[in-house]
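Working notes, structure below.
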Amino acid sequence: MKLERILATVTGAVTLAAIMPIAQAAQPGFYIGGLYGQGDKHIDKQEFDLYATTRVFPSPNVQLTVESMTSSLDTRDAGFGFVGGYRFNAHLAVEGGYLELGNVAYRVNATGNITGVPTDARLNVDTETSGLTLSALGVWPLSYRWEVYGRAGVLFSSNEFRAFYDDIEQSPRRGRFSESDVDMLAGIGASFNFFEIYDLRLEFTRVFDAGHESTGEADLDLISLGITVVF
């Protein structure tokens, strides 16, 4: 259903763009660029708390009986990327690129006992999503300099999971693995043209169910500022 909604939106956008008057004589051709912004993943801290209390602390390698704990989750981090695209006409372009969507950081401090011996422990969990993108853009020229556009595509994601556990009774433990997935994405943005070949972009992008089920899936939003150059 999610894919059908995205395809319907893009089809409508391209159809509408095709019948609009051209406000800017956009030149077809290749372009490259980069972007930098702020990402925010809409994931619940309770999912990480459940992982800590049911998977890590009672595991045979830890055997911590938790008496109390405090936890925090930071879902925001910087994101960046690179794009390369081809513009067919004033209203349609395709892009490929790379996105680094930042880190989600979960932290726990716990007190309890290991086989009756009181101890303090801490657990750090970090997850990251990055990958290659492929998308189509429907563009609406507003004037000679200004345009707005919509985006729909996919992210071929690589999702990394890292965990670090330490207490005062045992040596530190580390774990790390990665999983791949394919996630849908959509966005909307505005661009300003200057010196004829440069475009300054402001864009809101959402990656749907970013991540992998084993590393934590949730929608991820990226607000970015970018620049492209035609060549």
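Counting only residues that are small (Gly, Ala, Ser) and not in a strand (DSSP E or B), how many does segment 121-155 have?
Selection size over segment 121-155: 1.
For ALA13, the test of being outside any helix (DSSP H, G or I), at pLDDT below 95 and either within 30 Å of VAL154 (Cβ to Cβ) or not hydroxyl-bearing (Ser, Thr, Tyr) (or both) is failed. For first residues located in segment 49-66 and under 16 Å from GLY116 (Cα atoms), partners that are among the hydrophobic types (A, V, I, L, M, F, W, C) and in a helix (DSSP H, G or I) and lie 6+ apart or on another chain with Cβ distances below 9 Å form the pairs VAL62/VAL56; LEU64/VAL56; VAL66/ALA52. Tell me, which residue of segment 124-160 that is touching a residue at least 60 places away in the same chain (Cβ under 8 Å) and closer than 19 Å to HIS42 by Cβ is nearest to the chain's Cα centre (by Cα)? Among those residues, the one meeting the criterion is THR129. Of all residues in segment 165-179, those that are more than 15 Å from VAL56 (Cβ to Cβ) have Cβ atoms under 6 Å from Cβ atoms of residues that are part of a loop (DSSP other than H, G, I, E, B), 6 or more apart or on another chain, in GLU179/HIS212; GLU179/SER214; GLU179/THR215.
SER171 passes every criterion in (1) part of a loop (DSSP other than H, G, I, E, B); (2) in contact with a helix residue (DSSP H, G or I) (Cβ under 9 Å, 6 or more places away or on another chain) apart from (2). Among the residues of segment 170-220, those identified as charged (D, E, K, R) and exposed (fewer than 14 other Cβ atoms within 10 Å of the Cβ) are ARG174, ARG176, GLU196, GLU213.
Residue count for segment 91-123 satisfying the condition of being within 28 Å of ASP74 (Cα to Cα), in contact (Cβ under 8 Å) with a residue 40 or more places away in the chain and either out of contact with any helix residue (DSSP H, G or I) (no Cβ under 6 Å at 6 or more places or on another chain) or among the basic types (Lys, Arg) (or both): 13.
Per-residue answers, yes or no, for (1) of a type outside the set (A, V, I, L, M, F, W, C); (2) part of a strand (DSSP E or B); (3) out of contact with any strand residue (DSSP E or B) (no Cβ under 6 Å at 6 or more places or on another chain):
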| site | (1), (2), (3) |
| --- | --- |
| SER178 | yes, yes, no |
| LEU185 | no, yes, no |
| ILE188 | no, yes, no |
| ARG206 | yes, yes, no |
| THR215 | yes, no, no |
| GLY226 | yes, yes, no |
| VAL229 | no, yes, no |
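Do we have any residue at all in segment 45-68 that's surrounded by 15 or more Cβ atoms within 10 Å (Cβ to Cβ), of a type in the set (S, T, N, Q) and part of a strand (DSSP E or B)?
No, segment 45-68 has no match at all.
Screening segment 124-146 for residues that are of a type in the set (Gly, Ala, Ser) and in contact with a Ser or Thr (Cβ under 7 Å, 6 or more places away or on another chain) and picking the one that is surrounded by the fewest Cβ atoms within 10 Å (Cβ to Cβ) gives SER130. The residue that is surrounded by the fewest Cβ atoms within 10 Å (Cβ to Cβ), counting only those in segment 32-44 that are more than 14 Å from THR75 (Cα to Cα) and of a type in the set (A, V, I, L, M, F, W, C), is ILE32. Would you confirm whether or not segment 103-123 contains a residue that is within 22 Å of GLY187 (Cβ to Cβ), under 23 Å from the mean Cα position of the chain (by Cα), crowded, with 19+ Cβ neighbours inside 10 Å and not small (Gly, Ala, Ser)? Taking every residue of segment 103-123 in turn, at least one turns out to be within 22 Å of GLY187 (Cβ to Cβ), under 23 Å from the mean Cα position of the chain (by Cα), crowded, with 19+ Cβ neighbours inside 10 Å and not small (Gly, Ala, Ser).
Surrounded by 16 or more Cβ atoms within 10 Å (Cβ to Cβ) and more than 12 Å from LEU92 (Cα to Cα): does that describe VAL154? The answer is yes for VAL154.
The values are calculated or read from the model by the stated rules, or taken from the named source; none is laboratory data. On a predicted model such as this, the values are computed, not experimentally measured, just so you know. Cβ coordinates were reconstructed from backbone atoms using ideal geometry, including for glycine residues, and neighbour counts include every protein chain displayed.
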